[in-house]
Structure formats: C-alpha cells, structure tokens
Amino acid sequence: MTLVLEQVGKVMGGETHLADVSLELRPGSLNLLLGPTLSGKTSLMRLMAGLDRPSTGRLLLDGRDVTGLSVRKRSVAMVYQQFINYPSFTVYDNIASPLRRSGLDRAEIDRKVRAAAESLKIEPLLDRLPDELSGGQQQRTALARALVKEAELLLLDEPLVNLDYKLREELRAELQEIFRKGRSIVVYATTEPLEALMLGGSTAVLDQGRVLQNGPTIEVYHRPTSERVGQVFSDPPMNMIEGEVVDREARLGPVIRVPLSGHLGRLAPGRYRFGVRANHLFVARRNPDQVEIEATAELAEISGSETFIHAAHSGTSWVVQEEGVHSLGLGEEIRVFVEPRHIFVFDQDGGLVEAPEGATPSLAAQ
Amino acid sequence: MGKWEDNKAWFLVLPVFLLVAISAIIPLMTVVNYSVQDIFGPGDRIFVGTEWFEDMLSNRRLHDALWRQFLFSGLVLLIEIPLGVLIALAMPKRGWGVSVSLVLLALPLLIPWNVIGTIWIIFTRPDIGLLGVAINGLGFEFDHTSAPLDAWITVMLMEVWHWTPLVALLAYAGLRAIPEAYFQAARIDGASPWAVFRYIQLPKMRGVLTIAVLLRFMDSFLIYAEPFVLTGGGPGNSTTFLSIYLVKLSTAMDVGPAAAFSIIYFLIILLFSWLFYQALQNVGTGDRQ
C-alpha cells in the first residue's frame, strides 16, 4: 500500500500548522520527518493517521481517496514520545489489546504477542504492570503494542527522546532491524540530525509547516537545497557568514580570504552567504590548504568526548565541534581553521549555489 | 570537639520536636490522662483504669451516634465521589469556561462552616426559605426541624453541596494531568468512550481519588459545625453525629468518659483511613492474570 499526500494543508484557529505538503510513502520504506519543535511533524502524523482532517489537499491510499476516512477504518499504529500504555493492564494484555478487537483466536493472539515481546526483549516482563517497568521497558511495551498490529502505517513520534542516551542507542539499533523486516510504511519524526543520519531511509525536512526538502537522508544532509535546511539538518546549526566573490577569491566577512579552488571555482562574482558545519572547523592546522580565522573564545561546552567551542569573529558567532576536552578561557584569542572544500555557498535568498564535492549522492551512498 | 558537632544537630531537630509536642503529643496525652481517671478537682482524683472505656463501649447513645455516623459517611462517599468525577468529566477542557467553572466550584469551599449551616437554615425554612417554600409549594410537607427524614435530607444536601466541589476539583486535576497522547492512542485502538474512562481515565485518577476518598471520609466522620448550626443534632437525636455527641458529653463536664470516647473516635478514624488507603492502593492492580 502506498500513501500519497497531495498538497495537504492544515489551518487551526487561524493558525497555519501545515501548508502544501506533498509526499509519497511506499510500503516497506522508512520515512523521517526532521524538523525543530513546532515545525508540524506531529500535525502531519495526525493527518496521516486520520486523527485530523486536512483543511486542504487529499490523502490517497493506493490511488483511493481516504481524506475523510476515520482513524478506526484505517490500519494505523502509533508510538509517542511519552510512554503510552494502559495503566491497569499487564504488559501481555497491553500488547494483546490491539488484537483483541480483530477477532483472532486466542492461540493466534498468544503467538503474536509472544513474538512481538521477543523481538523487543520484554518476554520476562509479560506479567508486570506498566508502573513496575523502567522508562525503557515501558517504551518497548508501547513499541510492541504498535508492532503486533502489523498496521500498514506505523507512525513514531520522537519515540526515543525521553530515554537516556545509552538506551536510545540500543533501542534505535533494534528498531532499524525491525523496520528492515517489516512491510509497513514507517514514518519516524525526530528533531535530531544525528538520529536521522543513523536511521538512514529518506528524510523530509519540515520547517514552519512546510516541507523544505525531501529525499534520501544522506543526500539531503550533503546537499541541503537551502540555508534553512542546512540549519535544521546540522547540530549545532551551520555557521553562516556573509561574503562576496571578487578578484578570483572569496571574501568571507571583512577578513577571511579563501582561494577559489574545487567547487568554489565555479562561483561567479557576486554576493553570497557561506556556511560551514561545526564539525568541519578545527582549532589546530591539519593541512596546508586550511584557511585561518582569528576569533575570540566565548564559551567551551564540554559534552562527553567532544567540546563545542563558541567563538566570535568580526561580529559573527561560530561554533567549532572538536574531539576531546578543551578548556578555554573567556576572551582568549584562538585560531580556527577551515578547508575550502567544506564550504557551502548559498545565494542571498538562501538557495543552494554550491555544495562541497565528495558529498555527491553517489559517493555518499557508498 | 566531635561531641559538640553531634549536639548541634539536636538543636536543628528541636523546633520540630517542640511544635509536634505542643500541637499533638501533649494534648493527646492529656486526653489519655483524663480517660483513665475520675477527676473531682485539682489534686482530687482517682485512677479508674479502663472503666470509662467500658462505659463508653456499652453506651447505647454512643452506639446510635456511631451507626448514624457510618451511615452518613457512607452516603457521603457514595454520592460525592461519583458525582465529583462526573462533574470533572463534564467540565470544559479549554477556553474561558475553565476559569468560570473552577471559580463556581470553589465558591462553597470558601464559605466558613457555620455560615454554611446558617445559609441552609434560611434556605430550607418552610415560611421564607427558597427551597423550603418551593418543596412545600409542590405539595410535600417539608420541615427539617420536626421530621427526622427531612433533617437528614437537608444535612446530606448541604454536605453534598459543600464538599462535592472538592472531589470535582481533585478529579479534574487528575484528568488534566493525563497526556493527550493517551486519548489519541485510544482513538487509534478504536476504544469506546466507556473503555477510555474505564481503562485510561479511572486508573490514571487513582492517586487523586484515593486522596479524595480519604479526605471526604475523615472530614465527614468529623463533621460538626454545619449540622450543629442547622439542626443542633435534632430533631430528637436523629442528626446527632459522633462529634456533636462528644461535645454534649464534655460540656456536661463528663471529662473522663468524653476523653475515653475521644480516643475511641480517634482510633476508629485511624483504622478506617488505613483500611481505605490499603484498599485503594490495590485497586487497579487487581486485573493481573
């Protein structure tokens, strides 16, 4: 079954939640919705599920118009960021609850419940109540409840966001495996670029209720068609600086001079906006091609094995993502290095002009 | 040196200790003291052991008051808890209606208790009271000062009017705390409104309803001011609840029996609160296979 959204929009109380969304979701595919909070991910999922009716546009299921069809008549399962289970049911009954209405016989229900519990590793917990489980186990139960239904459309709304880091990693890996085996259309909403990259599949980048870009995840990451996509699909957001191309060199801000090599060589003279991801900035010189930027350290955020160094350079703020722990004093003068081959170029309206090479879809997919 | 540091910690506990001693332990022990002695005057007393307790436990009027009290508290719980939940379910979830209904609900809770008794005296008077005149106008004889059943109905109405809002407020808070996603999940599962109530809302309200049941049981078991003002315990003894009877005893200077009675009263409330708490803790975990 293929689900097609045709220019779907949703207006509620005079506020536009979604505008002009067109997507095609194929069976067995993993579709990510990536966007900041309030970008319309949940609204879109509610429309797909049939919980809400779109204000404009149509939903087609295998070519059949299902726009007004109620959620009860659709084959949908959903998992939320909160751990949603029936509080007075045991894990077993929770998982079995979607099957009880389907008229399957007891033995068949039992077989399916146990299979779902096994795939999510909660078999020993079947007699427990949700309150007696850890957060991770509660979400596993909710996932099993959704999977057991074998719905045509499986919606996951930031399912891992309330779990701690270690559990999230573990469950994400297991989910990938489960998605791969299933035949459902899987839709997975996330705010985290890193999570999207790890899950793969295809990604629709949402912002303020609009789909900015849609395509294979890795391609969207390497070739964001607009500055906004670059911002949403980078964590921390892409560093941006105004500049121009004159006299066979790119001038980024008043000071930085970058030779027009590689993809930058195709730039016509004119004004541009240049972008560099935080993980492509370095505090030490790695090779002679790197361009040096003088900056003032403002803050060093240490997160585990990495440090995010916030630095100011002639009125613009930069974030450098560096391996290891670096402690820097406030106001300390530092040098930041960037390679010309990592620079994104956008026009004045934010449209992509040139993306770094070696990041072409064919290469990246390997 | 080490000893000084140990002692310093005692000073930190002292205020709490003093407070609890003055507010609870000393008064309670005074009552215990009275309950085992016959006191004729300062310095003139005899130890009577459990005599007052035996007296009280075989006292017919106390038995009557006790059964009356259980009937009253039982009815209070049976009416107020379901009614409060129904009101909470019917209340608006968003918009201006929320504040309006919250304020309206809270009004009875803000009125001093003896004022409530006075309001209901006037409200139910057969000659000038709005309710009294209305009921008599419909052809029913209604006078809570002469008919015991009318007195009971009036006291129950007053109690339900006064305290159901508290249950409704608690239940409403419990309902609002349920994440929207539960209801969405139920819709996707195709659950009926009854199933949503039975398997999501009710179990999720267990905590607040436990508190509501405990509060309403204790408060109704201790009820004094409102029925005392409204009926004075009459007609006859028909609305003489435990605390009204206790006050009659102690103001008659029967301090010994009154003290013994107080302790029995206290133990009953303690026992029932504990029983309710235990029972409600296990509700909702009973669906295990």
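With the requirement that a residue be surrounded by fewer than 15 Cβ atoms within 10 Å (Cβ to Cβ) and touching an Asp or Glu at 6+ places or on another chain (Cβ under 9 Å), what does region A:297-313 give you?
Filtering region A:297-313 down to residues surrounded by fewer than 15 Cβ atoms within 10 Å (Cβ to Cβ) leaves A:299, A:301-305, A:312.
A:Ser305, A:Ala312, listed by residue number.
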Scan region A:30-60 for residues that are assigned to a loop (DSSP other than H, G, I, E, B) and within 14 Å of another protein chain (Cβ to nearest Cβ) and report the count. 4
When only residues in region A:324-360 that are among the charged types (D, E, K, R), touching a residue at least 60 places away in the same chain (Cβ under 8 Å) and assigned to a loop (DSSP other than H, G, I, E, B) count, which is nearest to A:Ala284 (Cα to Cα)? A:Glu357
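So which of B:Ala186, B:Ala168 ends up being within 14 Å of another protein chain (Cβ to nearest Cβ) and open to solvent by less than 10 Å² (accessible area, probe 1.4 Å)?
Details: B:Ala168 fails: within 14 Å of another protein chain (Cβ to nearest Cβ).
Going through B:Ala186, B:Ala168 in turn, the sole match is B:Ala186.
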Would you be able to say whether some residue in region B:111-118 is open to solvent by 70 Å² or more (accessible area, probe 1.4 Å), assigned to a helix (DSSP H, G or I) and out of contact with any helix residue (DSSP H, G or I) (no Cβ under 7 Å at 6 or more places or on another chain)? no
Residues being away from chain B (no Cβ under 13 Å) and surrounded by 17 or more Cβ atoms within 10 Å (Cβ to Cβ) - total across region A:94-108: 0
Name every residue in region A:120-139 that is under 19 Å from A:Asn162 (Cα atoms) and over 30 Å from the mean Cα position of the chain (by Cα), in order of residue number. A:Asp131, A:Glu132
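Checking the condition farther than 28 Å from B:Ile119 by Cβ, touching a residue at least 12 places away in the same chain (Cβ under 8 Å) and surrounded by 15 or more Cβ atoms within 10 Å (Cβ to Cβ), which residue from B:Thr231, B:Thr240, B:Thr210 passes? Working first, answer last.
Working: B:Thr231 fails: farther than 28 Å from B:Ile119 by Cβ; B:Thr240 fails: farther than 28 Å from B:Ile119 by Cβ.
The conditions single out B:Thr210.
Working only within region A:15-30, note down all residues that are buried (at least 18 other Cβ atoms within 10 Å of the Cβ) and under 15 Å from A:Leu44 (Cα atoms). Steps first, please.
Step one: of region A:15-30, the residues buried (at least 18 other Cβ atoms within 10 Å of the Cβ) are A:17-19, A:21, A:23, A:25, A:30.
If the condition is that a residue be buried (at least 18 other Cβ atoms within 10 Å of the Cβ) and under 15 Å from A:Leu44 (Cα atoms), then A:His17, A:Leu18, A:Ala19, A:Val21, A:Leu23, A:Leu25 are the ones that fit.
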Which of the numbered conditions does A:Met12 fail, given that it passes all the others? Conditions: (1) surrounded by 17 or more Cβ atoms within 10 Å (Cβ to Cβ); (2) aliphatic (A, V, I, L, M); (3) within 14 Å of another protein chain (Cβ to nearest Cβ). (1)
Qualifying residue in region B:213-221 (condition: aliphatic (A, V, I, L, M), more than 20 Å from B:Pro82 (Cα to Cα), surrounded by 16 or more Cβ atoms within 10 Å (Cβ to Cβ) and more than 14 Å from chain A (Cβ to nearest Cβ)): no
Output for region B:189-207, where each listed residue is open to solvent by less than 30 Å² (accessible area, probe 1.4 Å) and without any contact (Cβ under 8 Å) to a residue 24 or more places away in the chain: B:Asp189, B:Gly190, B:Ala191, B:Ala195, B:Val196, B:Ile200
With the requirement that a residue be touching an Asp or Glu at 6+ places or on another chain (Cβ under 8 Å) and either part of a helix (DSSP H, G or I) or open to solvent by less than 20 Å² (accessible area, probe 1.4 Å) (or both), what does region A:61-76 give you? A:Val76
Just checking: which of the helices (runs of 4 or more DSSP H) contained wholly in region B:1-108 hold 1 or more residues that are under 22 Å from the mean Cα position of the chain (by Cα) and within 24 Å of B:Phe266 (Cα to Cα)? B:26-35, B:60-90
How many residues are among the small types (Gly, Ala, Ser) and either touching a helix residue (DSSP H, G or I) at 6+ places or on another chain (Cβ under 8 Å) or under 13 Å from A:Met78 (Cβ atoms) (or both) if we restrict to region A:40-68? 2
Consider only pairs whose beta carbons are under 7 Å apart and that are at least six residues apart or on different chains; among these, list those whose first residue lies in region B:127-146 and is in the same structural domain as B:Gly117 (by TED's automatic domain parsing) and closer than 17 Å to B:Leu157 by Cα and whose second residue is aliphatic (A, V, I, L, M) and modelled with pLDDT of 80 or more. B:Gly129/B:Ile122; B:Phe142/B:Ile135; B:His144/B:Ala151
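Among the residues of region A:278-289, count how many are within 21 Å of A:Gly230 (Cβ to Cβ) and open to solvent by 10 Å² or more (accessible area, probe 1.4 Å). So that I can check it myself, show each step before the final result.
The initial filter retains those residues of region A:278-289 that are within 21 Å of A:Gly230 (Cβ to Cβ), namely A:278-282.
Subset that is open to solvent by 10 Å² or more (accessible area, probe 1.4 Å): A:279-280, A:282.
The number of residues fulfilling the criteria is 3.
Inspect all residues belonging to region A:151-171 and state whether any of them is open to solvent by 60 Å² or more (accessible area, probe 1.4 Å) and touching a Ser or Thr at 6+ places or on another chain (Cβ under 9 Å). Write out each step before concluding.
The initial filter retains those residues of region A:151-171 that are open to solvent by 60 Å² or more (accessible area, probe 1.4 Å), namely A:152, A:162, A:164-166, A:169-170.
Okay, now just the ones that are also touching a Ser or Thr at 6+ places or on another chain (Cβ under 9 Å), so A:152.
Within region A:151-171 (the criterion being open to solvent by 60 Å² or more (accessible area, probe 1.4 Å) and touching a Ser or Thr at 6+ places or on another chain (Cβ under 9 Å)), the answer is yes, since at least one residue qualifies.
Can you say whether A:Val91 is modelled with pLDDT of 90 or more, farther than 26 Å from A:Thr16 by Cβ and either more than 10 Å from chain B (Cβ to nearest Cβ) or over 29 Å from the mean Cα position of the chain (by Cα) (or both), as far as the supplied structure shows?
Numbers: modelled with pLDDT of 90 or more: yes; farther than 26 Å from A:Thr16 by Cβ: yes; either more than 10 Å from chain B (Cβ to nearest Cβ) or over 29 Å from the mean Cα position of the chain (by Cα) (or both): yes.
The answer is yes for A:Val91.
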Checking A:Thr307 against (1) assigned to a strand (DSSP E or B); (2) touching a residue at least 24 places away in the same chain (Cβ under 8 Å); (3) closer than 23 Å to A:Leu197 by Cα, which test does it fail? (2)
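The values are calculated or read from the model by the stated rules, or taken from the named source; none is laboratory data. This is a predicted model, so every value here is computed, not measured. FYI the Cβ positions are ideal-geometry reconstructions off the backbone, even for glycines, and counts take in every protein chain you see. What goes into the accessible areas is simple: the full protein's heavy atoms, side chains included, and nothing from ligands, DNA or RNA. Shrake-Rupley method; radii C 1.70, N 1.55, O 1.52, S 1.80 Å.
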